[in-house]
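Values quoted throughout were computed directly from the atomic coordinates according to the rules given, and no laboratory measurement underlies them. Computed from a prediction, not measured in an experiment: that's the story for all the values here. Here the Cβ positions follow ideal geometry from the backbone for every residue, glycine too, while neighbour counts run over all protein chains shown.
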Amino acid sequence: MTTDSVTVVFGFDMETDIGSWTPYYEGLVHGTPLILDVMRQERVVSTCFFVGQAAKDHPEVVRQVRDAGHEIGAHSLFHETVGKSIFPIPGMHELLDHEIEPRLKLNTQWVEEAAGVRPVSFRCPRLFGSTAVCNALAKLGYIADASLPMYRFTHQRVPYRPSSTDWTKPGDLPLVEIPNFADVTMESHDEYGRDRDQWPLFRTRNAAHLIRHVDQFIGVCHQERVPVVLCFYFHPWEFWPMKQGLVHYGEGAVYPDPFLVQNCGPYAVEQFALLVRHLKKQDAQFITAAQCAREWGACEKQ
């Protein structure tokens, strides 16, 4: 990778509608084909990170993604907090360190059974990663972890091999950490830096708004003479209309923040396509998370 190149990793977190807030799979079933159609038309690839339960319940979607030429990755067993929380979410508790490896192992098994191929790329739900997760992934043979949120850890601009004692710093683990894009040129007004995170502006605003932040980040990377690696995260439920307001199931209900479901459906499909076309005009190279890890690992060895 050269300092004037632009590399794009599109990641889709294959999970229940609106993350862990509902048990439904309308977006996975109906939104995934729409995403695949855009990428087929634009001739770009992605990595789809499957929650184990999603792969087990809908193996046909896993095979659909695989047969379209995209990478199959993993995304935890039940969309639980496998790493360390960056901000608190009521009712969401972190796994204990000794629970992480066996659950990731089962996640890997369920995805492999559905796909017929073993996943080697991972992403933590909500980008809540940790050192323990990276160590477990390395033991399980993963080569890529696309969990690090750049909005929180702004010092990491490019992929790197994480340390076995601190996943946010370079080290010698045999996998590559791929930071998720954020606009590091912004002065944050959030205690966690979340306003630097550019998801889900492509649909709550529009592609042009997101593109401005992308271009600002590209400019910073050129100034710092580092390669531009843009790792994005999306979800299939964003590309299928989601219920507004109260969502009732079982013995209770949840009321997702409006931005989570705003403009889900055709508008998101349209704006995603515009983002892809802009990046293509930048002569971007579109690769999977595993390809990124292999290319970056090879660069580090030179």
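Relative contact order of the chain, taken over Cα pairs closer than 8 Å and 6 or more residues apart, is 26 percent. Based on C-alpha pairs under 8 angstrom that are at least 6 apart in sequence, the range 14-119 has a relative contact order of 27 percent.
Here the mean projected area of the convex hull built on the C-alpha positions of the range 151-289 is 11.0 nm². Taking only the Cα atoms of the chain, the radius of gyration and Dmax are 17.8, 57 Å.
GNM on the chain, alpha-carbon springs under 10 angstrom: the most fluctuating residue among 126, 194, 157 is 194. Site pair residue 87 and residue 189 shows an inter-label distance of 1.4 nm when each label is modelled 7 Å from Cα along Cα→Cβ. Computed over the chain, the per-residue total of -39500 (n - 2.57) for DSSP H runs of n ≥ 4 gives a 222 nm mean residue ellipticity of -11000 deg cm²/dmol, rounded to 500.
For the range 280-294, putting each phi into the Karplus relation 6.51 cos²θ - 1.76 cosθ + 1.60 with θ = phi - 60° gives couplings of 5, 5, 8, 6, 5, 9, 9, 9, 7, 4, 5, 5, 4, 4, 5 Hz, in residue order, rounded to whole numbers and with x for Gly and Pro.
With kT/(6 pi eta Rh) evaluated at 20 °C and eta = 1.002 mPa s, and Rh the Kirkwood radius from Cα pairs, the range 40-89 diffuses with a coefficient of 173 µm²/s according to Stokes-Einstein. The GNM of the chain, with springs linking C-alpha atoms under 10 angstrom apart, assigns the highest mean-square fluctuation among 216, 109, 53 to 216. Amide H contacts of residue 285 (H built 1.01 Å from N, in plane; Pro and chain starts excluded): 6, 7, 8 sit under 5 Å, all sequence-distant by 5 or more or on other chains. Distances between every pair of Cα atoms in the range 69-124, grouped in 10 Å steps from 0 to the bin holding the largest one, split as 22, 49, 23, 5 percent. Cβ-to-Cβ counts within 10 Å put 134, 264 in ascending order as 264, 134, the fewest first. Between 94, 238, 80, the residue with the greatest mean-square fluctuation in the GNM of the chain (Cα pairs under 10 Å linked by springs) is 94. For residue 58, the amide hydrogen comes within under 5 Å of no other amide hydrogen, counting only partners 5 or more places away or on other chains and with H modelled in the peptide plane.
Using the empirical formula 2.2 N^0.38 Å as the baseline, the Cα radius of gyration of the range 35-168 reaches a ratio of 1.06. Here the range 217-268 is treated as a Stokes sphere of Kirkwood radius computed over C-alpha pairs; at 37 °C and 0.692 mPa s its diffusion coefficient rounds to 234 µm²/s.
Scanning residues 5 or more positions from residue 49 or on other chains, those with amide H under 5 Å from its amide H are 12, 13, 14, 73, with H placed 1.01 Å from N in the peptide plane.
Taking the Cα centre of the range 6-301 as reference, the dipole from Cβ charges on Lys and Arg (+1) and Asp and Glu (-1) amounts to some 680 debye.
Ordered by the count of other Cβ atoms within 10 Å of each Cβ, fewest first, 60, 112, 71 give 60, 112, 71. Applying the Karplus relation 6.51 cos²θ - 1.76 cosθ + 1.60 with θ = phi - 60° to the range 138-154 yields 3J(HN,Hα) values of 4, 5, 8, x, 6, 10, 9, 10, 9, 10, 5, x, 4, 4, 9, 10, 5 Hz, where x marks Gly and Pro.
Determine the alpha carbon to alpha carbon distance for each of 105/169; 84/139; 56/243; 56/139; 84/281 and list only those over 31 Å. Result: 84/281 exceed 31 Å. Placing unit charges on each Cβ (+1 for Lys and Arg, -1 for Asp and Glu) gives the range 5-137 a dipole about its Cα centre, and among 125, 111, 44 the Cα reaching farthest toward its positive end belongs to 44.
Semi-axis lengths, largest first, of the ellipsoid equivalent to the range 166-246 are 26, 18, 14 Å, with √(5λ) applied to each eigenvalue of the Cα gyration tensor. The order of 192, 160, 151, going from fewest to most other C-beta atoms within 10 Å of their C-beta, is 192, 160, 151.
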